[in-house]
Amino acid sequence: MRFDRIFSWRRLTMVAALIFTLLAACLPEAAVAEPRMERLTLVVPAAVGGGWDLTAKAMKVSLEKEGLVGQVSILRYPGAGGLIGLSQFVAAHRGQDDVLLLGGLVMLGSSLRDESAVTLRDVAPIARLTGEWSIVAVRRDSTFRSIGDVKAALKRDPAAVRWLGGALGGPDQAVVWLTAERLGIPLDEMTYFGRAGGRRVSDSLVEGRGDIGVSGFAEFAPRIASGEFRLLGIAAPQRVAGVEAPTLREAGLDITMMNWRAVFAAPGLAADRLDRLTALIAAMVHSPSWKAELRDNRWTDTYLAGSPLLQFIDREQTRWTSLVAPPTRIDDQPITVSSWQPSWGRLAMLLTMIGALGAFAASLLLQLRRRRRAAAELERRCSELADKLRESAVSAGKLVKDGIDVDFTDWKLSTAECDVAWLMLRGLPLREVAEVRGTSERTVRQQAQAIYRKAGLEGRSDLAGRVLERFI
């Protein structure tokens, strides 16, 4: 009897253990302990105050508050629409599992427009985090009271309306180009100034360097709250709670534009390390503190991970290619080329052209010699200027930088062109400029030609000479 009782208890214990094991195997993944890291570095490829920077700061707050990471650091590599930071991230952090890169639509567009050698395909997508609808704003004293006023001004003289937005190829510029297309305005008649981040867009608008600003709500929020800015519209399908502005569709512009942001891991990580980072971000986006950050910044929760995220980025790559193509006039007509038939008249014309080309080549050689002598003289003057600046009590670096920034603004250089001009002024050959910016030498050469054209210069020597004249 006692043996049977013991046997029954043993059998009952075995059944209970089996049931417990089955239940444990069926528990959802959410019941597993949340992943934790001692430290994590967030790489922001933009200046302070932009959308990526604000996202990184929100992540830092949430990750540390929820106890998911002990210490979160933020490292910034600004410039070229995120391409400098992307190149630095790939080169300096390969194989590191305690670092993440902030990126998204702006970076994708910049890499397409600049034909960058390094793209989002060189990093590992972890998660899409947020989406932010583009907003259109003006200064409080602006004569534009509505989107209708903007439409009327564009139809009168589109080039006279100065737009400010983020890097070329990003969603801000796309809003401007779509506006032109909806109104039947040639894209190359629009005046658009790209800035490195929403904060610089906001500052430039306050300083009167543009008439209309396009960015996300979070970047403009401080000046909207202070009354410095007035919202004209938001590029959302319907009105957004907390944003006192009509949609562009309500104003007769069928435009919607959401700027999405995501985090990416460094290349060279094993699958288990990528899974660890994915689980970490998943725990963050489901936390109460992250939901509060979304609400405070008027961000839309667009969380996406895994293979659906990879498919999404591929679709965006295809969709965005048409939006970042160089602008062309819509009234351009194709040129019909007739078949060429040999004749003595054409032969004489050909020989004349060859002679003219020869004379032109000889003229170029003479100019080249003069420019070499001018370059040597310029180097001597630069050396003298450096000596003067070292003896001056004024900060030489700040004096030169401020003066050059004024010139770049007056020449209406884009953000990418400013970066190329700075590197050329520092003496880097175009090949090295391309390596630093992570783009092709052909693209850098085209950007250099654009700089010379906008500044009314003939070459690099003239560029250095024009800048030098400000200080001698």
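The values are calculated or read from the model by the stated rules, or taken from the named source; none is laboratory data. Bear in mind the structure is a predicted one, so any value in this text is a computation, not a measurement. A quick note on method: Cβ atoms are made from the backbone with ideal geometry, for glycine too, and the neighbour counts reach across all protein chains shown. SASA here: full protein model, heavy atoms, side chains in, ligands and nucleic acids out. Shrake-Rupley method; radii C 1.70, N 1.55, O 1.52, S 1.80 Å.
Is region 177-185 home to any residue that is open to solvent by 30 Å² or more (accessible area, probe 1.4 Å), over 21 Å from Lys412 (Cα atoms), free of Cβ contacts under 8 Å to residues at least 24 places away in the same chain and not polar (S, T, N, Q)? Yes: one or more hits. When restricted to residues that are part of a helix (DSSP H, G or I) and either open to solvent by 10 Å² or more (accessible area, probe 1.4 Å) or among the polar types (S, T, N, Q) (or both), region 275-293 contains 11. Ala251 meets the stated requirement of being more than 25 Å from Leu304 (Cα to Cα), assigned to a loop (DSSP other than H, G, I, E, B), open to solvent by 10 Å² or more (accessible area, probe 1.4 Å) and aliphatic (A, V, I, L, M). Only one of the listed residues (Arg209, Arg200) is open to solvent by 10 Å² or more (accessible area, probe 1.4 Å), touching a residue at least 12 places away in the same chain (Cβ under 8 Å) and part of a helix (DSSP H, G or I). That residue is Arg200. Check off (1) open to solvent by 50 Å² or more (accessible area, probe 1.4 Å); (2) closer than 30 Å to Ser307 by Cα for Gly169 and give me the number that stays unchecked. Only one criterion is unmet by Gly169, namely (1). Scanning region 139-161 turns up no residue that is surrounded by 17 or more Cβ atoms within 10 Å (Cβ to Cβ), among the hydrophobic types (A, V, I, L, M, F, W, C), over 12 Å from the mean Cα position of the chain (by Cα) and more than 22 Å from Gly210 (Cα to Cα).
Taken over region 88-129, residues that are outside any helix (DSSP H, G or I) and within 20 Å of Pro308 (Cα to Cα) amount to 13.
Here Val44, Val61, Val48, Val72 are screened, and the one residue that is in contact (Cβ under 8 Å) with a residue 40 or more places away in the chain and touching a strand residue (DSSP E or B) at 6+ places or on another chain (Cβ under 6 Å) is Val44. I'm checking my understanding of the structure. Among residues of region 395-434 that are hydroxyl-bearing (Ser, Thr, Tyr) and assigned to a loop (DSSP other than H, G, I, E, B), which one is modelled with the lowest pLDDT? That would be Ser395.
Across region 257-274, the number of residues qualifying as farther than 21 Å from Leu75 by Cα, open to solvent by less than 40 Å² (accessible area, probe 1.4 Å) and not in a strand (DSSP E or B) comes to 1.
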